[in-house]
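Reading through the structure tokens given below for one structure.
The values are calculated or read from the model by the stated rules, or taken from the named source; none is laboratory data. Only a predicted model underlies this, so the values are computations on that prediction, with no experimental measurement involved. Note: ideal-geometry Cβ built from the backbone for every residue, glycine included; neighbour counts use all protein chains shown.
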């Protein structure tokens, strides 16, 4: 098929009319399809069903003797810490196990630094206008936290191998009010890219103007491979320690997409000094995390190897869905010169770029035809994609059949929106 | 026995020496006994063991169709809200169900009001030095939250029927920087008293100088009766609504002392307007509470009546412990004129007052003999009991035999410390 950009006005008009007629048929069907958020499917959740009854009535004691039913154990039970430590290749005393939400741990860390400062630091909110670097497209809920705390967000371009590190280094080293950066280093949300060794190395050797600058390293997809190849990223906690920057990185991960999205276990990892500081807050803030749920996870997965072999089962369910999306995009949009998309080897998303100025229209067209997508712009600070081109595709939740229908509608919407755009000039 | 206060110096010296000799025998025994915190015993925790396996593999859908395994349902599942609403005699849309810790809900509410203000309010931290009223003796962890946020604590005397309301009314109506008051209205921590109808009525009709004044109504022992009589307190949410003060009370409770202390479900209740405001924060802060654990509680207790009949089982275990403490105190200290204590009909504590200036010494003597108590002073703001006389006795955790030994040592310590005190003049 002819590339849209080479068509004359007459050809484009004919194309637009044909696509519009075609699209109205989708609208008439009145489907209800959802590719909005990175949510595991029924089939994935069922993989952990045996966890629901894996604790017997006399199985409630952690390895350090703590009764998991009772109070105590503010930062998690030793065997749960060990699983996270083994997965992240750090030591158990660099781990704090929380409740069911790593987002809550990130929110709380930002809240704490705003009101009380980092260890031995001045509260961020007393230093002036706090700023965060936001590699984009990125994770909308990171940006929501900044927005909530009135933290100014500075967009940094996201490349194939991570954030634009020239920009990161220049900003971090010159502005002491830049206190943080959001990173999803492996199978990034939404682009699915993996930070290169060189990128991580440059993070490790940052020379921040602010002594209380922190890297929010949201390793949400640390073990979420789609294929046989497992991307590896350097161990930022170990490397920062070696480089004399031990307190700079704050690592987050969770089992939300390992066991049950709403009832899993989350963790934070950092230097012993940072963990000690956070434990002091925890001792005032809460009676401790749900240790029975931690024990349930330990009994079910047994160890880090058990988690990794469980992840193969997730991959087997997810692979056909990602393949279907890729194949549909290639078949419907390949060679038209009107779209680009990523083909990640892990994580939960495919990032899609339309021709500039089309993303909002595509999402709106999809909504008219019953396909819910993440709002256009959500992957950028303030919900504002300056090129209005990025759309996050979340293929994990719908069954294969529905996903196929949704992608067909999506591609039809892309073509129609692009033809309209070219016609409008 | 002769009252200490009527003894001459010679008699007191002889008494002190005898008590000291007697006490040294306890020290030699090298016991390890703990009456430090309000922790349920093994026997109590075992009451809920069947909850651990009460969810079958196909039982994960809440009544509104939400999959409890997955994301969603930011403020809890409808059937869990209903149980809390029925217990608190309010409506389900006045309830927000959280994670496992009501302390965490209180901490977060204070944090939120400090940094962002109440709904349509100015952040507390931007208004000047924030102050809270702290009826004392009170709950040390409430005071720790204030301390953490640099909130000035103003002690208010605790009477038989609640806080000194003359003092509360005078302070709240005159000082706009008084933003909150901590209350444990039923079986108060530590005195065990129940707020009278008149006290609650005066709370309802407070005329705060600060429009953003809030009553932190920690109804931690709402259903924690020891005997057949159930104390009732007026419904502060309903009454405040009727009085045109709907947003003033924030009610907290939890199942920490119903099911598992570390793995229960907590809730917050307030006006619909306050709940709506809090849900907005929650949507940024977390992916939602553990809904499977909520469903587990719903399946096990079924409804509010199921919770109440479960509480009878707790009472049957706790009653002999409270009785043993009361009997030992009466037998060993009754009529000596050197101590007063409360005899609560519910809750988790007995509050003990020694002669002024003896509490620290008693706690320290007990520690020497292997009995751990809540630190003297902990029940007052800044850990400072101005009369150095209040000690919180927590009899719930140790088995009856150990509790008897601990109370014997405690009474011996009280007598020795008092004799020393009178001798010193």
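For region B:281-294, name all the residues that are more than 7 Å from chain A (Cβ to nearest Cβ) and either buried (at least 24 other Cβ atoms within 10 Å of the Cβ) or at pLDDT below 95 (or both). Give the derivation first.
First pass over region B:281-294, keeping only residues more than 7 Å from chain A (Cβ to nearest Cβ): B:281-283, B:289, B:294.
Answer for region B:281-294, where residues must be more than 7 Å from chain A (Cβ to nearest Cβ) and either buried (at least 24 other Cβ atoms within 10 Å of the Cβ) or at pLDDT below 95 (or both): B:289, B:294.
Take the residues of region B:163-198 that are in contact with a helix residue (DSSP H, G or I) (Cβ under 6 Å, 6 or more places away or on another chain) and under 24 Å from residue B:344 (Cα atoms): which is surrounded by the most Cβ atoms within 10 Å (Cβ to Cβ)?
Just the residues of region B:163-198 that are in contact with a helix residue (DSSP H, G or I) (Cβ under 6 Å, 6 or more places away or on another chain), to begin with: B:165, B:178-179, B:182.
If we keep only those that are under 24 Å from residue B:344 (Cα atoms) too, we end up with B:165, B:182.
Values: B:165: 22, B:182: 26.
Filtering first and then ranking leaves B:182.
With the structure loaded, tell me whether residue B:331 is farther than 30 Å from residue B:95 by Cα and surrounded by fewer than 17 Cβ atoms within 10 Å (Cβ to Cβ) or whether it fails that test. Steps first, answer last, please.
On the way: farther than 30 Å from residue B:95 by Cα: yes; surrounded by fewer than 17 Cβ atoms within 10 Å (Cβ to Cβ): yes.
In short, yes.
Screening residue B:99 with (1) more than 8 Å from chain A (Cβ to nearest Cβ); (2) touching a strand residue (DSSP E or B) at 6+ places or on another chain (Cβ under 7 Å) gives one miss only, at (1). Every condition in (1) surrounded by 19 or more Cβ atoms within 10 Å (Cβ to Cβ); (2) out of contact with any strand residue (DSSP E or B) (no Cβ under 7 Å at 6 or more places or on another chain); (3) more than 8 Å from chain A (Cβ to nearest Cβ); (4) under 30 Å from residue B:141 (Cβ atoms) holds for residue B:80 except the one numbered (2). Of note, residue A:128 satisfies the criterion of being outside the structural domain of residue A:390 (by TED's automatic domain parsing), part of a loop (DSSP other than H, G, I, E, B) and surrounded by fewer than 17 Cβ atoms within 10 Å (Cβ to Cβ).
Without any contact (Cβ under 8 Å) to a residue 60 or more places away in the chain and surrounded by fewer than 23 Cβ atoms within 10 Å (Cβ to Cβ), is that true of residue A:425? Against the criterion (without any contact (Cβ under 8 Å) to a residue 60 or more places away in the chain and surrounded by fewer than 23 Cβ atoms within 10 Å (Cβ to Cβ)), residue A:425 qualifies. The single condition among (1) modelled with pLDDT under 95; (2) assigned to a loop (DSSP other than H, G, I, E, B); (3) under 22 Å from residue B:98 (Cα atoms); (4) within 27 Å of the chain's Cα centre (by Cα) that residue B:55 does not satisfy is (4).
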